[in-house]
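One structure is given here, and the rest of the page talks about it.
The values are calculated or read from the model by the stated rules, or taken from the named source; none is laboratory data. Quick caveat, the model's predicted, so the values are computed rather than measured. Please note: Cβ atoms are built from the backbone with ideal geometry, for glycine as well, and neighbour counts cover all protein chains shown.
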Amino acid sequence: MTSTDDPSSEALRRRFLLGTARDPAPAGAALPNFVSQKVAVSELTALALLGQRLRFRRHRPPPRGAQPPIVDSRKIVPDAARPLMRRLAGGMGGWASDVAALAMADTCQRRRLRPHPFDVPRLAGFVRRHGYSLGAYAAAWSERGKPGKNPADDYCDGENNFDSSNWTSARPAARAEFIAAMRRREPDRARELVAASFAFDAAPVRVRLLAALAAGLSPADATFLESLAHDRASTVRERALELLKYIPGNAAAEGLIRDLVARTSATTAGLLRRRLTLKLELPANLQTVSHAGWSAEAVRRWAADRYAGVGLDAMAAAFGLPVTDMVAAAADATPLLALFARQASMERRFDVLARIVREHAADAWLDAIGRDGDAAEDAGRNAAAAWDDATIEQWCAAAIAPGLWTTLPPVSDLERLYRFLRRPLPLEQARELLQSPAFATLAHPDRSPTGVGPLCLALAALTPPPLRSPLRGAFAGLVATETPPLQPALQLLDCLALLDPVPS
Amino acid sequence: MPVDLAKIEQLAPDQTSLAAAAKLKRSDSWPLLACDGAGLIWGECQGSGASPYRVICSEADFGYKCTCPSRKFPCKHTLALLWIRADGALPFRTESVPAWVGDWLARRRPPAAAPNKAAPDTAAKVSAAQAAAAAPSLEDAKAAARGAAQHERNKADREASIRAGLNELDLWIADTLRSGLAAFAPSASQQCRKIAQRLIDAKASALAAQVDRLPADLLSAAESMRSDLLIERLATLHLIACAYRNQDRLPNALKADVRQLVGWAVTRDALLADSAALRVTDSWMVVDTVAEVQPDKLRRYETWLSRRGDGAAPRFAVLIDFFPVSLGKTANAHSVGEVFEAELVYFHSPAPLRAVMAVQNGPTVPGGRWPRPADDVPAAIARLSDVLALRPWADAVPFAAHGARIVAADAALWLTDTSGTIGLPVRAHDDDLALPLIGLEDIDAFGGWDGKFLSLGLCETSLGRWIGA
């Protein structure tokens, strides 16, 4: 049908569109119901009548779309939390930092909550970044508009929607999540699935799937990873080589051990009681700047990145020492301590990690999780992601000793800790943190007011539900000293209290 | 209405203002913080200058005034004052209204001024103003007669000028038809600007604004809809011109309406003084807020109200305010869902819609659920036609229906009845706000129908309230 739904007036409409200079508009004939055939109708009158006819026209709605509604079994967040979430993560960036958004997303994931559907468009940036932690609806929203199948089919929430027969049809993020989940349960089966689909995937997807395999690496993975040495994409080759060195007994690992031993000198120290000391010879480019404060971190990062993965026992055997003696011998060699801390964390040798933290370096937890820019960060993060709550508690008990801290770590380090844990600190460590002298430095007058806000935000994310009230009290003390940027941290505390209430 | 952080956030022109206001919450920035105990707060904020800025704010309707030179409205001082009030961190002394606050109150419009008591000296000033207004009665009778005659001559001159302008408008439309509307779009801007300038010269400024808006509306419409839109707009312009020429044969309400459409503005004071104007006192709920920048560099704020009481009076009203764009971004004083008691005075129209608030009785408070509309979707669509029949040039008609649903088809959204047999296309929001409504049943929907699309403003659903603004 024409746009006027009326063939007679359609002729008039066409004439107006084409112009009436040569061919006058058939006004009377086109509007028989409105004007008498005997009355001469001007073009302008005909135009007015046609315009009114168009204004009264009503279209029939198209048939209902075939797209099925997205079913999301999660509960919607409490109403009181909605304005807080919009304020903290609304628009494209929201008010708060990434760690606040991450804390809210993780809490939603843990408590099986989802944002209110009406808020999802207003939380566009947040949903795009954390859609897969926010339930099926948000995940589908974050994938909307991309070419492909119905996004409702592509959501991997608790592995309910996929199995090994159809996982390859999902989107990359969902596939990586599926493989990571299976890796925790059946590591060999996960590797076999990735190997079977590898030839059909694009390079970015292959890199993503390899990252999902990083948790729980074992010698059984060596063959597959070695086969990737000839992959057509350099990113995949580099990623595979990176993972290979975390497999004990592998040729790459053996080479690293030889290199480590060659770089390490063993000497004795002490006057009354002679003891063995180990010292790592640094590369020339790091030696020249080793006096600068920032380069000390670079040295620790270099050692951990280069040699982590070869195994504590393998290193101890190479040095001809028991592991505990090896750690003690490295007491004055911070790069080696950083390496041992990282390795102990990866191997879940939490007794070794605790010894390093308690006896040698209270900030070794940063080496364990990987400092900013570490190549091994992803591997470390994935390892933690594969851990259950009990393992995380053990790790925190070994690595986090706030009582030994002289001052609060920088915001970036606390945020990295949250990203590593993806949950608040265990109750014991959080309590120790709140009571520590380091926490008291938060109210130090020398601390920049603008720096306090992000620090409080990170602390809010790391605080478990039972301690949020005391933390709020501590923040209230800061508010009394008139530190304005605290609002996001207080709002995050309020929001998390609603999403994740104190268990009764 | 109690001040809360959400309201302050809504009022704030941007995030920077909020951050700046947060820094002013210290007690040493405010040598004076006071209130009158009846919803008026004021304070003095020490800025970088020698004398502090004076800030006043009404908690009843969030009217405000600050003496700072900021181009943001409200400024950080106003936001800080409200924030301090909301937090309750600093005490407000209860005292009588000082002269500078009373002065502001006296100059305010009645809605907020009514519930507050002005200071005695203010009352004296008002009395003086009234006395001054009464002064013309003492003028020389001859001078008054001369003035009235001059006024009549001016009016007649303008009438003649407008009629000449309307003739030129018709001539331009006829020429456009002869050239063919298909060729109009590429040169729409120049053509419309030219005839709009002519209409301004002819003192038909409101009609000129309609012509000026045409190119932008054409470009924003889908290409397949442009020709019909152009026909409708040109037809409406001609219709208005014809109606104006024949205004003496029209009913009073229609005549007043068409005169306003052409450019005979009715001031707020004139409307309030018009005893024949329709006045409705009731409880009103804000159901939509619209802000848009006009080609004449004015920002236009529309506040759509739904009457909550019974009776035959119009169920909807729209308050329209204009601010210069140069003032920067300002927030609408009302937000969707708020409720207040007020007397509204409607502009004369066969389908009364636009109104001004004569007086607000009591504070603005958050309202409950929007009352379920009486009409279902087919009845509400039929009501649109009724309004169009009464006022053929209507460009925004309120639509309210229960039992609606939103369906998606071919990347477009439609509001339909439950059976899907009748419906209206929904205007797409840039940020896809309406998408979550898809699949929900039995929606109570309010929106504005512009002849092509329904702009949803508020929906009551099984998941709660959806707000489009």
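General observations
- Screening the range A:262-303 for residues that are exposed (fewer than 11 other Cβ atoms within 10 Å of the Cβ) and β-branched (V, I, T) and picking the one that is modelled with the lowest pLDDT gives A:T268.
- Output for the range B:458-469, where each listed residue is assigned to a loop (DSSP other than H, G, I, E, B) and either within 18 Å of the chain's Cα centre (by Cα) or on the phi > 0 side of the Ramachandran plot (or both): B:G468, B:A469
- Only a single criterion out of (1) within 13 Å of chain A (Cβ to nearest Cβ); (2) surrounded by 19 or more Cβ atoms within 10 Å (Cβ to Cβ) is not satisfied by B:Y244, namely (1).
- Of the candidates B:R249, B:R299, the single residue that is surrounded by fewer than 17 Cβ atoms within 10 Å (Cβ to Cβ) and among the charged types (D, E, K, R) is B:R249.
- Count of the range B:199-233 residues, restricted to those that are within 22 Å of B:A351 (Cα to Cα), among the hydrophobic types (A, V, I, L, M, F, W, C) and in contact with a Gly (Cβ under 8 Å, 6 or more places away or on another chain), is 2.
- Qualifying position, being modelled with pLDDT of 90 or more and within 26 Å of A:R239 (Cα to Cα), among A:R114, A:R191: A:R191
- Any hit, the range B:262-269, residues being assigned to a helix (DSSP H, G or I), more than 14 Å from chain A (Cβ to nearest Cβ) and either crowded, with 16+ Cβ neighbours inside 10 Å or of a type in the set (S, T, N, Q) (or both): yes
- Among the helices (runs of 4 or more DSSP H) confined to the range A:200-257, the ones with at least 3 residues that are over 17 Å from A:A176 (Cβ atoms) are located at A:222-227, A:234-244.
- If you filter the range A:121-134 down to residues that are away from chain B (no Cβ under 13 Å) and either among the small types (G, A, S) or in contact with a strand residue (DSSP E or B) (Cβ under 6 Å, 6 or more places away or on another chain) (or both), you find that the one that is farthest from A:K75 (Cα to Cα) is A:G131.
- Of residues in the range B:35-59 being in contact with a Leu (Cβ under 8 Å, 6 or more places away or on another chain) and over 20 Å from B:A6 (Cα atoms), the one surrounded by the fewest Cβ atoms within 10 Å (Cβ to Cβ): B:P52
- Of the residues in the range A:203-214, none is closer than 23 Å to A:T391 by Cβ and either free of Cβ contacts under 8 Å to residues at least 24 places away in the same chain or out of contact with any helix residue (DSSP H, G or I) (no Cβ under 7 Å at 6 or more places or on another chain) (or both).
- Test for B:R369: is it among the basic types (K, R) and closer than 27 Å to B:G311 by Cα: yes
- Where B:A222 falls short, out of the listed (1) without any contact (Cβ under 8 Å) to a residue 24 or more places away in the chain; (2) buried (at least 17 other Cβ atoms within 10 Å of the Cβ); (3) under 28 Å from the mean Cα position of the chain (by Cα): (2)
- Meets criteria (modelled with pLDDT under 95, of a type outside the set (S, T, N, Q), at negative phi and under 24 Å from the mean Cα position of the chain (by Cα)) for B:D212: yes
- Residue within the range B:51-58 that is at negative phi, within 27 Å of the chain's Cα centre (by Cα) and within 14 Å of chain A (Cβ to nearest Cβ) present: no
- Note on the range B:42-64: residues that are part of a strand (DSSP E or B) and either among the aromatic types (F, W, Y) or more than 12 Å from B:L82 (Cα to Cα) (or both) amount to 6.
- Among residues of the range A:311-334, those that are in contact (Cβ under 8 Å) with a residue 12 or more places away in the chain and closer than 20 Å to A:T268 by Cβ, counted: 16
- Taking (1) acidic (D, E); (2) at pLDDT below 75; (3) assigned to a helix (DSSP H, G or I); (4) crowded, with 18+ Cβ neighbours inside 10 Å in turn, A:D378 satisfies each apart from (4).
- Boolean, B:P314 is over 30 Å from B:Q197 (Cβ atoms), in contact (Cβ under 8 Å) with a residue 24 or more places away in the chain and buried (at least 16 other Cβ atoms within 10 Å of the Cβ): yes
- Qualifying residues in the range A:311-348 (those that are part of a helix (DSSP H, G or I) and among the acidic types (D, E)) - the one nearest to A:W387 (Cα to Cα): A:D313
- Counting only helices (runs of 4 or more DSSP H) that fall entirely inside the range A:1-73 and contain at least 3 residues that are at pLDDT below 85, at positive phi and among the basic types (K, R), no element qualifies.
- Some residue of the range B:80-89 being surrounded by fewer than 17 Cβ atoms within 10 Å (Cβ to Cβ), free of Cβ contacts under 8 Å to residues at least 12 places away in the same chain, more than 30 Å from B:A358 (Cβ to Cβ) and away from every other protein chain (no Cβ under 14 Å): no
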